[in-house]
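The structure under discussion appears below in the form of structure tokens.
The values are calculated or read from the model by the stated rules, or taken from the named source; none is laboratory data. What you see is a predicted model; the values in this text were computed from it and never measured. Cβ placement follows ideal geometry from the backbone for every residue including glycine, while neighbour counts extend to all protein chains displayed.
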Amino acid sequence: MHTFDVAVVGAGIVGLSCALAAVRRGLTVVVVDRDACARGASVRNFGLVTVTGQERDSVWQRARRSREVWLEVAHQAGIPIVRRGLWAAAQRPEAAAVLEAFMGADTAAGCELWSAAVARQRCPELVTDRLEAVLWSPHELRVESRDALPALAAWLAREHGVDFRWETAVLGVEPPRLDTSRGPLSAAAVVVCPGDDRVSLFAERLAAAGVGRCKLQMLRLESPGFTLPGTVLSDLSLIRYGGFAGLPEARALRQRLQEQQSEYILHGIHLIVAQGADGSLVVGDSHHYASADEPGLDERIYALLLDEYRAVTGREPPAVRERWGGTYAVAARGAVLIEAPLPGVRLVVVTSGVGASTGFAIGEEVIEELFA
Ligand SMILES: Cc1cc2nc3c(=O)[nH]c(=O)nc-3n(C[C@H](O)[C@H](O)[C@H](O)COP(=O)(O)OP(=O)(O)OC[C@H]3O[C@@H](n4cnc5c(N)ncnc54)[C@H](O)[C@@H]3O)c2cc1C
């Protein structure tokens with residue numbers, strides 16, 4: 001039996017990031033996924049590589065490195081970067097105070113804080129009477145994940161000789177042996193990147209680390225007929241992203257939103273509006289924490305999201321093209337879980353919903369440590 005240097009379990013963004021880091025070191029790689037192509041969180045997300053507003057130590061640094069890798073890989077693999085930049089619109093004085101405080105942080109380098117008057121000049125279509133200020137960041141990238149992930153996998157196979165085994169479940173891992181639903185494989189090292197699957201491999205480890213699951217609701221709207229100046233965030237995002245939410249000024253905003261938008265907070269809703277190459281808008285999201293993924297999608301959550309869209313843009317939302325749900329792994333501690341359940345095995349789970357923004361950096365860290 002041929003022995004690979006590395007076997008990667010899971011062909012989501014985290015698994016592909018580990019595969020990329022491994023081939024960049026000259027290692028031979030097999031990637032095994034139980035689905036026929038990536039179907040998990042990595043193709044259900046906004047496709048947003050978010051840098052600004054990420055919590056400094058655990059996420060922002062990794063997001064900056066991942067952004068660099070995205071730019072290299074997108075160019076080489078022919079993955080379009082469909083949009084750039086972030087437009088965080090403050091609708092309340094308390095939100096403007098958070099943005100002002102954020103501008104004093106080193107993580108704000110390259111960002112600009114605009115008054116409503118300046119913002120109106122930059123994008124008149126998005127400015128409402130309620131607008132207090134806009135934080136504009138040039139750092140964010142957006143890819144269309146449903147196209148980007150297959151393109152990334154195809155490029156890894158074509159240009160780097162990565163061997164993909166689709167529709168193959170990994171049932172057991174004990175290097176150099178992997179037991180799969182299509183027979184054994186052999187690899188000197190194994191990186192397990194199972195996303196929010198907490199039961200198939202190393203279930204006790206994941207349970208001990210308190211890994212759970214978060215469900216999110218998303219929708220795609222038709223084009224509004226103009227180009228957004230960047231991915232749009234609302235006040236609610238400023239109490240979710242750690243780089244904003246950790247500021248002392250966020251306390252007053254949280255209190256104000258609790259008074260005015262308690263139902264949003266109950267459902268973990270904040271507004272992200274990310275535009276595609278065809279002008280369509282991916283809009284989300286909500287956050288519900290439970291081990292089981294409830295099958296239905298709640299229409300009340302969609303109504304709240306569309307109301308927030310109205311409040312931030314001052315416009316009627318375009319027609320809904322599509323609705324979907326997604327899940328990702330969460331844990332109370334840390335943005336990423338990296339464990340060594342056996343010699344030569346690493347278990348890697350992004351536990352904070354930032355895998356598209358941090359995956360490439362995490363892949364490099366894991367492979368570097370494993371082969372140092
Ligand atoms: C709605 C939504 C919006 C999001 N928005 C963003 C965003 O804008 N920016 C951002 O940075 N992050 C975002 N995220 C989070 C991000 O998508 C995830 O952190 C990331 O995709 C996790 O990648 P992954 O590879 O770990 O998991 P996944 O993409 O879920 O992949 C795991 C893979 O492992 C496979 N697998 C598991 N167990 C086995 C096994 N035993 N054998 C074989 N195969 C197995 C599965 O089939 C799956 O393909 C969002 C997530 C969601 C759901």
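Results for (1) free of Cβ contacts under 8 Å to residues at least 12 places away in the same chain; (2) more than 9 Å from the ligand (Cβ to nearest atom); (3) of a type in the set (Asp, Glu); (4) in a strand (DSSP E or B), shown as yes or no for each residue.
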residue: GLU294; (1), (2), (3), (4): no, yes, yes, no
residue: ALA303; (1), (2), (3), (4): yes, yes, no, no
residue: ARG315; (1), (2), (3), (4): no, yes, no, no
residue: ALA329; (1), (2), (3), (4): no, no, no, yes
residue: LEU337; (1), (2), (3), (4): no, yes, no, yes
residue: PRO341; (1), (2), (3), (4): no, yes, no, yes
residue: ARG346; (1), (2), (3), (4): no, yes, no, yes
residue: PHE360; (1), (2), (3), (4): no, yes, no, no
residue: LEU370; (1), (2), (3), (4): no, yes, no, no
Those strands (runs of 3 or more DSSP E) lying entirely in the stretch 37-143 with at least 3 residues of a type outside the set (Gly, Ala, Ser) and within 15 Å of the chain's Cα centre (by Cα): 133-142
Test result for TRP70, more than 30 Å from GLY183 (Cβ to Cβ), of a type in the set (Phe, Trp, Tyr), out of contact with any Lys or Arg (no Cβ under 9 Å at 6 or more places or on another chain) and crowded, with 20+ Cβ neighbours inside 10 Å: yes
Considering ALA101, ALA96, which residue is of a type outside the set (D, E, K, R), out of contact with any helix residue (DSSP H, G or I) (no Cβ under 7 Å at 6 or more places or on another chain), surrounded by fewer than 16 Cβ atoms within 10 Å (Cβ to Cβ) and farther than 24 Å from SER286 by Cβ? ALA101
Given the options ARG205, ARG198, name the one that is in contact with a Pro (Cβ under 8 Å, 6 or more places away or on another chain) and within 21 Å of ALA290 (Cα to Cα). ARG205
So the check is Cβ under 9 Å with 6+ separation or different chains; which pairs have a first residue in the stretch 163-181 that's charged (D, E, K, R) and a second one that's modelled with pLDDT under 95? ASP163/HIS2
Among the candidates THR168, THR107, which residue alone is within 15 Å of the ligand (Cβ to nearest atom) and either within 27 Å of SER291 (Cβ to Cβ) or surrounded by 15 or more Cβ atoms within 10 Å (Cβ to Cβ) (or both)? THR168
Of the residues GLU72, GLU55, GLU68, which is among the acidic types (Asp, Glu), more than 23 Å from ARG146 (Cα to Cα) and more than 6 Å from the ligand (Cβ to nearest atom)? GLU55
Residues located in the stretch 185-230, provided they are polar (S, T, N, Q) and under 17 Å from the mean Cα position of the chain (by Cα): GLN217
Test ALA77 against the stated conditions and say whether it is modelled with pLDDT of 95 or more and touching a helix residue (DSSP H, G or I) at 6+ places or on another chain (Cβ under 6 Å). yes
Pick from the stretch 1-36, criterion in a loop (DSSP other than H, G, I, E, B), more than 9 Å from the ligand (Cβ to nearest atom) and not basic (Lys, Arg), ranking: farthest from TRP70 (Cα to Cα): MET1
Kindly indicate whether GLY353 is buried (at least 16 other Cβ atoms within 10 Å of the Cβ), over 22 Å from HIS287 (Cα atoms) and out of contact with any helix residue (DSSP H, G or I) (no Cβ under 7 Å at 6 or more places or on another chain). no
With the first residue restricted to the stretch 100-113 and required to be closer than 16 Å to GLY85 by Cβ, and the second required to be surrounded by 15 or more Cβ atoms within 10 Å (Cβ to Cβ) and acidic (Asp, Glu), Cβ contacts under 7 Å at 6 or more apart or on different chains are LEU113/GLU100
